[in-house]
Structures are given as C-alpha cells and as structure tokens.
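**Student:** What follows is a structure written as structure tokens; I'll ask about it next.
Coordinate-derived values only; no laboratory data. Only a predicted model underlies this, so the values are computations on that prediction, with no experimental measurement involved. Here the Cβ positions follow ideal geometry from the backbone for every residue, glycine too, while neighbour counts run over all protein chains shown.
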Amino acid sequence: MKVMTKEVASDILEGIINANRDKLMDYAKLLGLANSRARLTGPADPKCIFDEHIVDCLAALPLIPFNVRIVDIGTGGGLPGLVWAVCRSDVFVDLLDSVRKKCLVLEEMVRSLNLENVRVHCSRAEEFASLNNGLYDLAAARAVSHLGILLEYFSPLVRRGGSCMAFKGPKGFEELEEFEGKEEKLGWSGLEIWSYEVAGKKLYLFTWKKVKDAQISVPRRVGIPERRPWWR
Ligand SMILES: C[S@@+](CC[C@H](N)C(=O)[O-])C[C@H]1O[C@@H](n2cnc3c(N)ncnc32)[C@H](O)[C@@H]1O
C-alpha cells in the first residue's frame with residue numbers, strides 16, 4: 001500500500017451540525033419510522049441514526065466542492081446524498097437505488113423535508129449510467145459494494161475532471177489491493193484516502209479524480225461487474 005491517509009478537517013463539522021440540527025433530526029425520525037416499512041438502514045432509534053449514520057455522511061462535506069451535481073448510488077434511505085442535500089443547498093443530488101419500495105419511501109421523505117435539490121431514481125447503476133453518461137461532477141456510495149465494482153459503476157456517470165467517493169471501513173484497504181494501480185483503465189487517477197472517526201470507529205473515504213474516458217466499455221450489463229471484475 002503506497003498511499004498515505006489524510007485526516008478530514010473535522011473542525012467545521014460542529015458548525016454544520018448546529019446549523020442543520022433540526023432538519024437532520026427530522027430526517028432521522030422519518031428514517032427511523034421508514035425502517036419499519038422498508039428496512040432502509042439498521043437502527044430505528046433516531047438518535048442512533050443521527051450519531052452513527054448521519055454524522056458519518058457529514059464527515060465528507062468538507063471534501064465536496066460548491067455547486068456540484070452529485071449521484072448517490074445505492075442510497076437506501078438517503079445516505080449519504082440526502083444528508084448532503086439538507087446541509088448544502090448549493091448542490092443538486094440524484095439519489096439512486098434499485099429497490100422500488102425504498103425509492104417510494106425516499107420520495108415521501110424528500111417531500112416531507114421540502115427539499116428542492118434532490119431527485120429520486122429507481123434503477124440499477126449499470127442501467128442508469130447508459131442514459132446519464134458524464135452528467136455528474138461527483139459520484140458517491142456508502143455501504144454498497146466492493147471498491148473496485150463501485151469504480152466501475154461510477155466511471156460512466158462522471159465527467160472528465162469530476163471525482164468519486166466511496167465510504168469504507170478498514171476492509172476498503174484489502175479491496176483496494178486487488179486492483180491498485182489499474183484504475184486508469186476506468187479513467188480514475190489521483191487516489192486520496194481520508195480518515196475520520198465516528199462513534200469510536202475509524203472510517204475512510206476513498207476518492208479518485210476522473211482524468212480520462214474509460215479504456216474498457218462501460219457500463220456493462222447488470223450483474224457483469226460482479227461476475228467478471230474488470231481488474232482480473
Ligand atoms: C447496504 S445498503 C446501503 C444504503 C445506504 N447507502 C446506507 O449507507 O445506509 C445498499 C443499497 O444499495 C442498493 N444497490 C445495490 N446495488 C445497486 C446497484 N447496482 N444499483 C443501484 N442500487 C444498488 C441496494 O438496493 C441497497 O439499498
């Protein structure tokens with residue numbers, strides 16, 4: 001492993017949390033209620049959702065440029081994209097999930113929270129990418145898939161000059177070792193790994209820049225990225 005990790009600047013987080021606490025708490029309550037209907041995120045207790053899940057998503061905010069268009073792949077209950085949209089009216093976020101029941105609940109939450117900078121899409125990433133090529137400045141995912149597979153999902157969606165971000169625990173390093181140094185095949189370069197802590201757990205954001213078009217044909221058909229990993 002040649003890449004050093006950097007620490008996310010956490011000093012501005014308290015200000016972000018304080019400025020948005022009420023709306024974020026409203027979201028935590030909605031998500032808690034929704035969990036009983038569609039199992040969107042583990043816990044049902046709003047405080048636990050806030051402290052473990054919402055704070056995790058907030059940790060990435062210092063890394064997100066202003067006025068960007070973002071796609072959150074496998075958003076589930078809106079993590080991280082909905083959290084970002086609540087705190088940053090300058091960004092526009094497309095929330096993507098393949099499970100219809102989750103998307104319906106998400107749409108209700110977006111309406112309840114009066115968010116105008118969010119749209120919900122019910123689709124697999126592979127299919128969505130064929131209709132939205134290069135549309136995004138940033139693609140992100142939390143708790144969705146192997147890091148290498150995420151890079152394949154992200155690649156066709158992000159414009160040249162844009163970036164991607166994957167939320168990972170320590171296992172992200174093992175996943176990275178499988179393909180490290182080959183990411184340019186998908187147009188990615190400039191890996192940076194950012195570390196931070198939530199509820200006593202050390203967590204990481206893996207980010208890359210899109211420097212060129214992919215050299216392999218993406219998106220591939222649904223299921224192929226998992227069955228035939230691009231790096232093997
Ligand atoms: C474990 S959940 C994580 C949800 C959320 N990101 C979070 O941090 O709580 C993974 C989600 O990814 C969705 N998903 C998995 N593969 C997908 C794909 N290829 N395209 C779209 N959604 C996908 C699943 O439906 C599920 O809601």
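**Student:** Which value in nm describes the separation of the simple spin-label points at residue 52 and residue 182, placed 7 Å from the Cα toward the beta carbon?
**Tutor:** 3.4 nm
**Student:** Next up: Take residue 232, project a point 7 Å from its Cα along the Cβ direction, then tell me which residues of the stretch 114-155 have their backbone nitrogen under 20 Å from it.
**Tutor:** Residues 126, 144-154 qualify, since their backbone N sits under 20 Å from the label point.
**Student:** Can you list the trypsin sites (Lys or Arg not before Pro) in the stretch 4-57 that are in a DSSP coil and have 16 or fewer other beta carbons within 10 angstrom?
**Tutor:** 39
**Student:** Here's another thing I want to ask about it. Filter 171/212; 102/202; 29/182; 102/168; 29/209 down to the pairs with a C-alpha to C-alpha distance above 32 Å, please.
**Tutor:** Distance filter (> 32 Å) returns 29/182; 29/209.
**Student:** Apply the Karplus parameterisation 6.51 cos²θ - 1.76 cosθ + 1.60, with θ equal to phi minus 60°, to every residue of the stretch 5-13 and state each ³J(HN,Hα) to the nearest whole Hz, in sequence, with x for glycine and proline.
**Tutor:** These are the phi-based 3J(HN,Hα) values: 8, 10, 8, 5, 5, 9, 5, 8, 5 Hz.
**Student:** I'd like to know which of 92, 181, 33 lies farthest towards the positive end of the charge dipole of the chain, counting +1 on Cβ of Lys and Arg and -1 on Cβ of Asp and Glu.
**Tutor:** Ranked along the dipole, the leading option is 181.
**Student:** Give, rounded to the nearest 20 debye, the magnitude of the charge dipole that the stretch 68-137 has about its Cα centre when Lys and Arg contribute +1 at Cβ and Asp and Glu contribute -1 at Cβ.
**Tutor:** That gives the stretch 68-137 a dipole magnitude of about 180 debye.
**Student:** Determine ³J(HN,Hα), in whole Hz, for all residues of the stretch 43-49 in sequence, where each value follows from phi through the Karplus function 6.51 cos²θ - 1.76 cosθ + 1.60 and θ = phi - 60°; x replaces Gly and Pro.
**Tutor:** After applying 6.51 cos²θ - 1.76 cosθ + 1.60, I find x, 9, 6, x, 5, 5, 4 Hz.
**Student:** For a Förster distance of 25 Å, can you work out the FRET efficiency between the beta-carbons of residue 19 and residue 44, rounded to the nearest 0.05?
**Tutor:** 0.45
**Student:** Just round it to a whole percent: the fraction of Cα-Cα distances in the stretch 5-227 exceeding 22 Å.
**Tutor:** 48 percent
**Student:** I'd like the isolated cysteines in the chain, meaning no second cysteine's beta-carbon lies under 4.7 angstrom from theirs.
**Tutor:** Among the cysteines of the chain, those whose Cβ sits 4.7 Å or more from every other are 48, 57, 87, 164.
**Student:** Suppose R0 equals 35 Å. What FRET efficiency, 1/(1 + (r/R0)^6) with r the Cβ-Cβ distance, do residue 215 and residue 131 give to the nearest 0.05?
**Tutor:** 0.95
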